[in-house]
1. Would you pick out the residues in the stretch A:212-246 that are under 18 Å from residue A:113 (Cβ atoms) and β-branched (Val, Ile, Thr)?
2. Which number in (1) free of Cβ contacts under 8 Å to residues at least 24 places away in the same chain; (2) not in a helix (DSSP H, G or I); (3) not acidic (Asp, Glu) marks the one condition that residue A:56 misses?
3. From the list C:240, C:184, which one is crowded, with 24+ Cβ neighbours inside 10 Å, more than 20 Å from residue C:145 (Cα to Cα) and of a type in the set (A, V, I, L, M)?
4. Please specify each residue of the stretch A:119-141 satisfying the condition of being within 25 Å of the chain's Cα centre (by Cα), surrounded by 22 or more Cβ atoms within 10 Å (Cβ to Cβ) and outside any helix (DSSP H, G or I).
5. Would the stretch C:158-169 turn up any residue that is touching a strand residue (DSSP E or B) at 6+ places or on another chain (Cβ under 7 Å), at the interface with chain A (Cβ under 7 Å from one of its Cβ atoms) and either buried (at least 24 other Cβ atoms within 10 Å of the Cβ) or in a loop (DSSP other than H, G, I, E, B) (or both)?
6. Would you check which residues across the stretch B:48-82 are in a loop (DSSP other than H, G, I, E, B), at pLDDT 85 or above and away from chain C (no Cβ under 12 Å) and list them?
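The values are calculated or read from the model by the stated rules, or taken from the named source; none is laboratory data. Just so you know, these numbers come straight off a predicted model, no measurement behind them. Ideal geometry is used to build each Cβ from the backbone, glycine not excepted, and the neighbour counts take in all protein chains shown.
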Amino acid sequence: MEISAKNKIIQDLLPQKFGKPGKIWVSVLLLFCAVGMYAYYRQLTKGLVVTGLRDYVSWGIYISNFVFFVAISLVGSLITAVLRLSDVHWSTPLTRIAEIIAVSAITFASLIIIVDMGRPERFYNLFIHGRLQSPIMWDVIVITTYFFVSILLLYFPLLPDLAILIKLKGKTTTWLDRIYHFLGSFWKNTTEQINISNKAVNILSITIIPVAFAIHTVTSWLFATTYRPGWDSTNFGAYFISGAFLVGAGGVIVAMYVFRKSYKLEKYITDSHFDKMGKVLVLLALLYLYFNVNEFLVPAFKMKKSEEEHLLGLFTGEFSVLFWFAITTAMIIPIIILLFKGGRKPLPAFIAGVLVVIGSWFKRYLIVTPTLLHPFLPMRDVPANYRHYFPSWEEWAIAMGSLAGAMLVITFFARIFPIIPIQETITETEELAHEKV
Amino acid sequence: MKKFKIILLSALCLLLVTQYLFAQPIKNDLLLSLAYFNNNNQTQYLKATAKSKVNGKFQQVANVSIAFYIDDASSKVLLGKATTDHSGNAIMQIKSVASEIWKSSATQNFSVSTQEDKLYNASEANLAIVKAKISLDTLEDKSIVATLLELKDSNWLPIKEVDIRVAVKRMLGELNVAETATYTSDSLGMVTAEFTRDSLPGDSKGNLILIAKLDEHELYGNLTAEMIVPWGIKPLVHSTFNDRSLFARKGLTPIWLELLAYSIILIVWSIIIYLIFQIKKIIKLGV
Amino acid sequence: MSLDNSSRRDFIAAGILGSIAVAGCSSPFDPAANEVVKPSGEMVKLLSVDGEIIEVDKAFLKPVPELSAMTNQAERMGIPGRKFVMVIDLSRCKNLKKCQASCNHAHQIHPDQNWIKLHPVQESEKTAPYWQPTTCMHCDEPPCVKVCPVDATFKRQDGIVLIDSDRCIGCRFCMAACPYSTRVFNWEELDLPKAIAEKPYSCETSMPQKVGTVGKCDFCPDMVRKGELPHCVSACPNGVFFFGDSNEDSVTNGAETFRFSELLRDKAGYRLMEDLGTKPSVYYLPPVNRNFAFEGEDQGDVKH
């Protein structure tokens, strides 16, 4: 491969300073984070009374946001591991996007669960008094594990790129340079090093799949291990995982589009990528739709007394608008858009991705809240505001702040590191050229 | 006309203000009641209860200091002072404090009083009793005989036609020994009750405490007699407290769960640690 | 007057409460205490709160319950040999809510909340409506305890399920897990009298309730240790609540005492949501031959 072609790739894929839109984007995210922090400060000083939560609806958008984060973080394992193990190469440019989404989402999942705690300062009790019988303990264990596995899966493929960045020393500021040196000055691109790294990535790709399944299955068990209508379901683990893959893939399409536009990566994230991801998304949407049919049709057929109010509330009652909105935006409309070849062009695919993400966020809300409003013993002896739930501004601010924070982490990561693996792109281009010869 | 209105208004104001300024805080009346208890003819004590009317309802008053007196031939002798508890009760022993006076007569007069304080007016109550006692005995066929006697001129004489409760003492209540709750004493002051509570759990040895009671009698007060009998069964204590279960404490996790969890953790984390060593290896190769 | 050291200690024990415990009121949990206390003949001079010297037989002195602060460890173990149960007789309930009021007052609960709730129940359109008080069911296989990640809520050997508010992290998983919706959460700092707020938390009194932690009915083990009935039981003028020890096979509402097994057998007692397998310690007697008609202004929650 010609040196100039190689340099072109490096030049194209180097992390770039924020332009004007980048700066505006970061400022907006920072503003959201600041408002969220202020809201959390209020919650810390006054207690959870600042939320709309009360005794009957004791879990609200913090928990649904947590489920959303855990769900979207699953995409790391899908794009990197599943596709890698099935020897799919077109997804190479997307692996790092998927991995950083996974890392930042799982980080904010842990943070938002602390926000939901009434006594966050007693978090250490989980370590000194931890009971292995509790699904929360399982969640703490698997989320920590997933975080470390994801970090490693992000780190190993980054090593060759760090070496490239260090080589181009003059072009980066000293502050960044120090980070690169610290993380990867020892990478000399020797065969031995490459072999160890490749083997490590293979091991990680296998390991991350059961761990990823575990985080979301255990998260679904936080609900499914209770008796409540709408949660008491053996379908829940699979239902959650299929939904997680859907929202994760949707998130990747959104991120692909944004990075492609802002970093001018049309040559690397091509129309074909959108086409293929679009097909993946259709498949996942159909899968999730299948589990939704299972989850609602079967209990609706029986209409047990305890389930009746809950189901009717979703189908035709107070949550029906939100319910059908979530079903159509997260599944039906994206399927329709992406079934057409024209729908798998970057812009329509991006729109479908956005719809999936938004619909999925509300879907999580519908999994958590309506169930709590229909306890076995009807709500009784409580003030009127205990009988309904609408998130307070503090809850919205914290939830939005956490979403902004997750995007901020991704943004800064792309500012510091190449968002598309440089070395792997070069290698694959070389291999392609080789095959042609 | 207007002037007149102003004068009237200011007069009214003045009236209200003076009323407010010179108003005395209204003190409540304290209602004392006094009861006499004789347990097993061994412990005799007095119980005073302090109540007060709040919003038309009687409520117990705590933290009231009550002075207890016993009447001597000519004067009152202080038995002691006690403060009421949260249920308005204060208790005072008799025998130990004034045993000479107590022994001197078959009838006794007691009184209690409180002094006026910031909240309540002074109050007092009196009680006259005739010394009486219950004794308990059992027969072979699990029947219980309780005898009620009163002291008259240093002789114990039977008390007739009085209702006595015979029961088994329980943690927080008293369970009748049979369907009937009370028995009326005959000319010998005796009642006989059949014990029909088959296989009733008792203490760890299967013992039960029988109790015979005369409640709130106007002459004799509250009398009780207790007796331990081996008529019960040992309680069948079934406890899962120290078993391993999903609802047990930390450290009592079911074995299957511990094995499952720890083996998964072990496998996954040894992979992670192995990979960290691989990074070390890469670092070594690069130096 | 000279007081030796030991009697000075006794004076403190007896003097602060200002009352002397006597035989007959002795603790029901100490097997030895079930025997009648015999005067030892040894007299102790005590100083009452008012400065009066009183003389008391040493045998009648016992530590004042309020002073014998229990260790957290002991509170978690519970009372050996006991298995506390409650029987609620629905035929007697008139929705007077005295149980609720006395419970709220005794535990200083947030004014918006109740540990005891009174449900108007009507199973179906043509079946009879009745009032159903609910407390914590103190299940033998408690779903709330299963899910607690830090042992903050626990099942004791006497069957009581309690909460350690000094340990609770406020995750509210137990609230989601409880099918009886028994648990409440302290969403804000409570406005408690200083004397209560400054006390160290006790699992047995469940006081003082703390912000950011979960609270619920505790079966009043502190009262039971004193030989008294839980607040709801003694507050009910209709004797709806019976409390007792199933190992002793007896329950009482203060005025009446029944054999627990006979009461359940004769009146066909049952438990709520038996099908869930939680095995509650609270039994209900069906609302047959009711003493009162179902009436009241707040029947709005009746669900068919």
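1. Selection gives A:215, A:217, A:218, A:219, A:225, A:226.
2. (1) is the only condition that residue A:56 fails.
3. From the options C:240, C:184, the qualifying one is C:240.
4. Passing the criteria: only A:134.
5. Checked the stretch C:158-169: at least one residue is touching a strand residue (DSSP E or B) at 6+ places or on another chain (Cβ under 7 Å), at the interface with chain A (Cβ under 7 Å from one of its Cβ atoms) and either buried (at least 24 other Cβ atoms within 10 Å of the Cβ) or in a loop (DSSP other than H, G, I, E, B) (or both).
6. The answer is B:61, and nothing else.
Here's the yes/no breakdown for (1) of a type outside the set (Asp, Glu); (2) modelled with pLDDT under 90; (3) out of contact with any strand residue (DSSP E or B) (no Cβ under 6 Å at 6 or more places or on another chain):
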{"position": "B:229", "(1), (2), (3)": "yes, no, no"}
{"position": "B:243", "(1), (2), (3)": "no, no, yes"}
{"position": "B:250", "(1), (2), (3)": "yes, no, yes"}
{"position": "B:280", "(1), (2), (3)": "yes, no, yes"}
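Residue by residue, here is whether (1) modelled with pLDDT of 95 or more; (2) surrounded by 21 or more Cβ atoms within 10 Å (Cβ to Cβ); (3) closer than 30 Å to residue A:43 by Cα holds:
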site: A:147; (1), (2), (3): yes, no, yes
site: A:162; (1), (2), (3): no, yes, no
site: A:166; (1), (2), (3): no, no, no
site: A:191; (1), (2), (3): no, no, no
